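To keep things clear, I will list the structure first and then write my remarks on it.
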Amino acid sequence: MLPKDPVILLSYVNTKLRDAYPSLDSLCRSLDIDRASLTETLRAINYTYDASHNQFV
């Protein structure tokens, strides 16, 4: 289950991306997460996915 708080979600996702997944797509597939919903939630707190860094910045 993903954290509901967007700031905690950001930390959780970036940690997973850093430690276990080579891309956002692989994280979403593995954890059965809707990519669009995730990116919109984090966009609401002014973070977008940067594929070159494999993290939300």
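For the range 39-44, 3J(HN,Hα) computed residue by residue from phi via the Karplus equation (6.51, -1.76, 1.60; θ = phi - 60°) reads 5, 5, 4, 7, 5, 5 Hz, glycine and proline entered as x.
GNM remark for the chain: springs join alpha carbons under 10 Å apart, and the peak mean-square fluctuation among Leu31, Leu17, Leu42 falls on Leu31.
Available extension along the chain between Arg43 and Leu31 is 2.3 nm, counting 0.36 nm per residue and deducting the alpha carbon span. Dipole check for the chain: with +1 at the C-beta of Lys and Arg, -1 at the C-beta of Asp and Glu, and the Cα centre as origin, the magnitude is about 40 Debye.
Entry note, the chain: relative contact order of 34 percent, from Cα contacts under 8 Å with a spacing of 6+ residues. Per-residue 3J(HN,Hα) values for the range 2-14, derived from phi via the Karplus relation 6.51 cos²θ - 1.76 cosθ + 1.60 with θ = phi - 60°, read 7, x, 7, 5, x, 5, 5, 4, 4, 4, 4, 5, 5 Hz in sequence order (x marks Gly and Pro).
This structure gives Cα Rg over 2.2 N^0.38 Å, computed directly, and of (1) 1.18; (2) 2.45; (3) 0.98 that value is listed as (3). Rolling a 1.4 Å probe over the protein heavy atoms leaves Ser52 with an accessible area of roughly 100 Å².
The values are calculated or read from the model by the stated rules, or taken from the named source; none is laboratory data. Keep in mind it's a predicted model, so treat the numbers as computed, not measured. When we count neighbours, we look across all protein chains shown, and the Cβ atoms used for this are built from the backbone with ideal geometry, even at glycine. Note: areas computed on protein heavy atoms with side chains; ligands, DNA, RNA excluded. Shrake-Rupley method; radii C 1.70, N 1.55, O 1.52, S 1.80 Å.
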